[in-house]
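The block underneath contains the structure these notes are about, expressed in structure tokens.
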Amino acid sequence: MVENVIYETDFDNMKVQVIESTHNRYLKFGNGLKQSSMNKKNPRKLQLKYSKEIVKVFEHIQNPKNVLVLGLGGGILPSFIYENYSDVIIDVVDNIQELKDIAYKYFELPVSDRLNVIIQDAKDYVLSTNKKYDIIIEDLYKDDGKVVFFEFDNDLKNILNDNGVIAFNYMVHQRNYTKYMERLNSSYVDVIEQFKPKLGRYGYNHIAFCKK
């Protein structure tokens, strides 16, 4: 399969690339792992396993109205939510302005009053916003492309509605899985392991839904 780099930039010493093949378009961070994947003929169809699992958070809450996505990437998740949940207001927070431009230009992120892209550090936004959310999706990445676990549990709970759910995407492996689950279970009343990958030396996306 022939792949071509159609756009490339750097942010804080991290390479960001848009890669195109015959049928798909990808966003890659730093270490070359696919962070977003879009089928060019069907842009709203989720392709990556973790994204298919994380949107199942909508099955755990009735009639959500306000959704916060921490981490934009190519905008695949907010685009899917926008397309499939017409009553939902979506706020997306990311600190990389170039990603906003990439998401609109290369990944068909909708332009709409229902979908707001906020360029700000995620921690700063969580600490400063007065909004409350029914669903929070935590999908942040480090500069090397590895998934980040948000380190401000109590602050996330402060902006979550009483019946709301937080969906965490985290890279688990043999060395960190037990400690990670202990932390989730000590921080939240109800923890659902939506997707647990086979544990090995190398990390893979783990999806958990948490209620305060």
Taking only C-alpha pairs under 8 Å that are 6+ residues apart, what is the relative contact order of region 55-212 in percent? 21
Region 84-107 versus region 188-212: alpha-carbon centroid distance in Å: 25
What are the residues whose amide H is under 5 Å from the amide H of Phe11, where those residues sit 5 or more places off or on another chain and H is modelled from the backbone? Val16
Cross-link table Lys41/Lys157; Lys45/Lys65; Lys40/Lys212, entries beyond 29 Å C-alpha to C-alpha: Lys41/Lys157; Lys40/Lys212
Mean projection area, nm², convex hull over Cα of the chain: 11.5
If Lys198, Lys28 are ordered by their accessible area, calculated over protein heavy atoms with a 1.4 Å probe, which sequence runs from highest to lowest? Lys198, Lys28
To check you understand DSSP bridge types, tell me what percent of the beta bridges within the chain (both residues inside) are antiparallel, rounded to 5. 65
Please build a GNM for the chain, connecting alpha carbons under 10 Å apart, and tell me which residue among Phe29, Phe195, Phe107 fluctuates the most. Phe195
Leaving ligands, DNA and RNA out of it, report the carbon-plus-sulfur percent of the accessible area of the chain at a 1.4 Å probe. 43
Which value, in debye to the nearest 20, describes the size of the charge dipole of the chain about its Cα centre when Lys and Arg Cβ atoms bear +1, Asp and Glu Cβ atoms bear -1, and nothing else is charged? 760
Looking at region 85-134 from every direction and averaging, what is the projected area of its Cα convex hull in nm²? 4.0
Accessible area (Å², 1.4 Å probe, nearest 10) - Phe168: 0
Leaving ligands, DNA and RNA out of it, work out the accessible area of Met171 with a 1.4 Å probe and give it in Å² to the nearest 10. 40
Sorted by mean Cβ packing within 10 Å, highest first, what order do the peptides 71-78, 57-64 take? 71-78, 57-64
Starting from 0.36 nm per residue, how many nanometres of slack lie between Ser21 and Asn163 once their C-alpha separation is accounted for? 46.9 nm
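The values are calculated or read from the model by the stated rules, or taken from the named source; none is laboratory data. It should be emphasised that the depicted structure is a prediction, and the values quoted were computed from it without experimental measurement. Methodologically, a virtual Cβ is constructed for each residue, glycine included, from the backbone with ideal geometry; neighbour enumeration extends over all protein chains shown. Only protein heavy atoms, including side chains, enter the accessible area calculation; ligands, DNA and RNA are left aside. Shrake-Rupley method; radii C 1.70, N 1.55, O 1.52, S 1.80 Å.
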